[in-house]
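Below is one structure, written out as structure tokens, with a few remarks after it.
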Amino acid sequence: MFSTTIIIPFILFTFTYLLFKFYLREKQNTINHKKPPGPPTLPIIGNLHMLGKLPHRTLQSLSKKYGSIMSLQLGQVPTIVISSSKAAESFLKTHDINFASRPKTQASQLIFYGSKGLAFSEYGPYWRSVKKLCTLKLLSASKVEMFGPIRKKELDVLVKSLEKVVLVGEVVNVSEIVENLIEDIVYKMILGRGKYEQFDLKKLVQEGMAMLGAFNLADYVSWLGPFDLQGFTRTCKKTGKALDEVLEMIITEHEQSTNVDKVRHEDFIDILLSIVHQTVDPENEQSGVIDRTNIKAILLDMIVAGIDTATTTIEWALSELFRHPRVMKKLQDEIQNEVGNKRMVEENDLKKLNYLDMVVDETLRLYPVGPLLLPRECRESITIDGYFIKEKTRVIVNAWAIGRDSNIWLENADEFYPERFSDKKMNYQGQQFESIPFGSGRRRCPGIQLGLVTVRFVVAQLVHCFNWELPHNISPSNLNMEEKFGVTIPRAQHLHAIPSYRLECDEKLE
Ligand code: HEM
């Protein structure tokens, strides 16, 4: 038997030891669990009330007060906002794998087939396989080139139609013609045909985009979900069902037509149907078999990602060119020196047009179409720069603020000045973080090449074939440049201008 003289000191010692250990661990946790600074929060909604109509601008000014790694509480969702190139490099390069997932939202689940596509799937073997498939089979350099004739043909049709407008000196809705052009290009490339009479795919895609960009309270305060206070769930289900029916119909149409090469070009649906029932990644047996839902999900991702991005970038590039006659002249001179003024631009000419690249890079710096990229989600708790970031924290990268950071882009950061890129060639391949319009790291945009060639070609052609004058009541210095916020940031007001033909002899178009 132990005597009480031994037992009591032993118990006391053990208790003191455990207490001390617990204290040390708590202290350690508090040290390691330091959150990045951020504004004070309200109960339930956290900081949601602060975002305003243009969250990229609000977050930029908040980051000036709280720092380039800032904490927010969006409803129940802990969130980190990144606002400098240095912080972006840390999150999207050094620790990229930890932030390579996407959070689930109602719109992505109900309209975009949840984790069946590319853009909204969580990081893992399935996403890796679909990304490989899309990069190799749909968006590779050879595929981008293969679809070149579609871009040329649609642009020729637009130039031809504008020649008629020129004769009567009409004001043109530039935003509208660019949107229609890109839509025609994207539909022909992806679906193999232009508009359908039976249904309004454009309207449905726009509704899907609007739901994706809309603020849904239930995504942030999950217990409000079942009440569907905003009618969001209902609308998402309705739009998702309508889009699904349309995609089903288009795929069935493809399955029934066998004469691809004779009647029409091969398109994305043909490519995807040719690998249906095969494993997503032939080198990875576990990647699953491609089924119809995968095909619909990938197609929808491509349509949505392809249309708005190029349209918005071209719209902003032209707006800035109309506002800066000096830059416009320099660009027109460059194209004229390379191409002459007797023929239209060909895609082959683009590689010689350095100033055009600078104009497009400058546009993407000032107007990254996804101002907050697409949201990321932290996969495992991690400490970065002394800040503890918990698993499942949402990460928002403010690409808009990064592109306008005066520490990097100097005091004229907000000005459109393409010459700043004369010594700085951008390649968007994940090594440069001063301007990240295509994101970075594993979730970087896989359509960079396709996006860039489309934007460069359309801008070059429209300024080479036409001079553009703003409507009579608008001078370059008072052109409205306000944006509206969604998944992308298009102009708040449509851009209008009066074209006049500038090539010497009318190129004969078939
Ligand atoms: C000017 C043109 C474009 C811009 C500025 C752009 C920008 C972006 C951005 C910012 C992201 C999010 C990246 C991130 O989270 O880090 C993204 C993702 C994506 N983009 Fe693009 N994009 C463009 C064109 C295209 C085109 C033409 C396609 C295909 C037709 C495309 C397909 C995608 C897809 C599928 C994703 C999701 C990638 C993933 O989550 O793994 N994009 N894009």
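Just so you know, all these numbers are worked out from the coordinates, no wet-lab data involved. Note that the coordinates shown come from a computational prediction; the quantities given were computed from them, not determined experimentally. Cβ atoms come from the backbone with ideal geometry, glycine included; neighbour counts cover every protein chain shown.
For the chain, what Kirkwood radius comes out of the mean inverse Cα-Cα distance, in Å?
On the way: mean 1/r = 0.0399 Å⁻¹.
Evaluated on the chain, it is 25.1 Å.
What is the count of Lys pairs in the stretch 60-122 whose alpha carbons sit under 29 Å apart, if the two are 8 or more places apart or on different chains? It would help to have the intermediate numbers written out before the result.
On the way: Lys64/Lys86; Lys64/Lys93; Lys65/Lys86; Lys65/Lys93; Lys86/Lys104; Lys93/Lys104; Lys93/Lys116; Lys104/Lys116.
Number of lysine pairs found: 8.
Pairing the Cα long axis of helix 148-168 with the longest principal axis of the chain, what angle in degrees results, from 0 to 90 and rounded to the nearest 10?
Rounded to the nearest ten degrees, it is 60.
On C-alpha positions alone, give me the angle between the axis of helix 55-66 and the longest principal axis of the chain, in degrees, nearest 10.
Once rounded, the angle reads 40 degrees.
Once you have the Cα-Cα distance between Asp156 and Glu380, take 0.36 nm times their residue separation minus that, and quote the gain in nm to one decimal. Walk me through the numbers on the way to the answer.
Numbers: separation 224, 0.36 × 224 = 80.64 nm, distance 5.08 nm.
Gain on extension, Asp156 to Glu380, equals 75.6 nm.
Between 0 and 90 degrees, rounded to the nearest ten: what's the tilt of helix 325-339 against the longest Cα principal axis of the chain?
60
With each pseudo-label sitting 7 Å past Cα toward Cβ, what's the Glu255-Val276 distance in nm, one decimal?
0.4
Looking at the stretch 33-501, what % of its DSSP beta bridges pair antiparallel, to the nearest 5? Could the numbers behind the result be given before it?
Working: 23 of 27 bridges.
If we restrict to bridges inside the stretch 33-501, about 85 percent are antiparallel.
Show me 121-130, 306-315 ranked by packing, highest mean number of other Cβ atoms within 10 Å first.
306-315, 121-130
Considering the Cα positions of the stretch 364-510, please state its Rg to one decimal place and its Dmax as a whole number of Å.
Cα radius of gyration and Dmax of the stretch 364-510 are 19.5, 65 Å respectively.
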